[in-house]
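The values are calculated or read from the model by the stated rules, or taken from the named source; none is laboratory data. Predicted model only: the values in this text are computed from it and were never measured. Virtual Cβ from ideal backbone geometry, glycine too; neighbours counted across all protein chains shown. All accessible areas refer to the heavy atoms of the entire protein, side chains included, with ligands and DNA or RNA removed. Shrake-Rupley method; radii C 1.70, N 1.55, O 1.52, S 1.80 Å.
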Amino acid sequence: MQAKTSVLGRAFRRRRFLVNRRFQFRVGMMSATLTLLLLLFFNVSVYLAGAINRDAMARVAPELEEFIGAQDQIQLILMITGSLVFLGGVFVISILESHKTAGAAFNIERHLRKVQSGHYNVRLLLRKGDNLRELESAFNRMAESLRERAAHDAEVISALAARADSVAGAGEIAAELRRLADEQRARTT
């Protein structure tokens, strides 16, 4: 029995994280910008609240002012470092999450190009965690409908070719009809 792989394990099996760089970077930058604004608000609030406490402690115990200043610098460095790590994490998670949409859109577009070029025997399969999964069954129904229509058209054209064979002087027409029927059959395989 195959063991379940973790989300991180599945993420690192992907060949390309950036399927649609423009879209994925835009999502990452929007998420990072919002996170940065929230972190700035939070960090400034915490720093100002701490400043009030530091001033009160410095008035009560002026001999600790140097110690309090050193602790203040350490706290500020830790807040900035933690915020930057958090911001980087949000950006990376945004890229990974947007891959679920960009990768699915890429796969759908690739299959649509196959249908556009006349190959109706395609089946769209999106990954389990992908977004846009609701398009998978609609696409597959469309492809099946096109396959059935092409198969039906091939049969009708073949029947016309057979009838044209029986008409004197219609050999070229029959040959052209057979070619069209074969072309339609090729779309269904």
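For the reader, a short list of remarks on this structure follows.
- Charge tally around residue 57: other residues with Cβ under 13 Å, Lys/Arg +1 each, Asp/Glu -1 each, net -3.
- Relative contact order, whole percent, for the chain stands at 21, derived from Cα pairs under 8 Å and 6 or more residues apart.
- Entry note, the chain: the mean residue ellipticity at 222 nm calculated from DSSP H runs of n ≥ 4, each adding -39500 (n - 2.57), is -28000 deg cm²/dmol after division by the residues and rounding to the nearest 500.
- Among (1) 208; (2) 164; (3) 130, the entry derived from the coordinates for volume of the Cα convex hull per residue in Å³: (2)
- Accessible surface of residue 31 - all protein chains present, 1.4 Å probe, nearest 10 Å²: 40 Å²
- Nonpolar atom fraction for the chain, defined as the carbon and sulfur part of the 1.4 Å probe accessible area, stands at 64 percent.
- Rolling a 1.4 Å probe over the heavy atoms of the protein chains gives the chain an accessible area of 72 Å² per residue.
- Each residue of segment 106-114 is assigned a 3J(HN,Hα), and the resulting list reads 4, 5, 4, 4, 4, 5, 5, 5, 5 Hz, derived from the Karplus form 6.51 cos²θ - 1.76 cosθ + 1.60 (θ = phi - 60°), x at Gly and Pro.
- ³J(HN,Hα) computed for each position of segment 30-43 - Karplus, 6.51 cos²θ - 1.76 cosθ + 1.60, integer Hz, glycine/proline x: 5, 5, 5, 5, 4, 4, 4, 4, 5, 5, 4, 4, 5, 5
- In order along segment 87-99, phi translates into HN-Hα couplings of 4, x, x, 4, 4, 5, 4, 5, 4, 5, 5, 5, 4 Hz, rounded to whole numbers, per the Karplus curve 6.51 cos²θ - 1.76 cosθ + 1.60 with θ = phi - 60° and x for Gly and Pro.
- The residues neighbouring residue 20, those whose beta-carbon lies less than 11 Å from its own, together hold a net charge of +3 under the Lys/Arg +1, Asp/Glu -1 convention.
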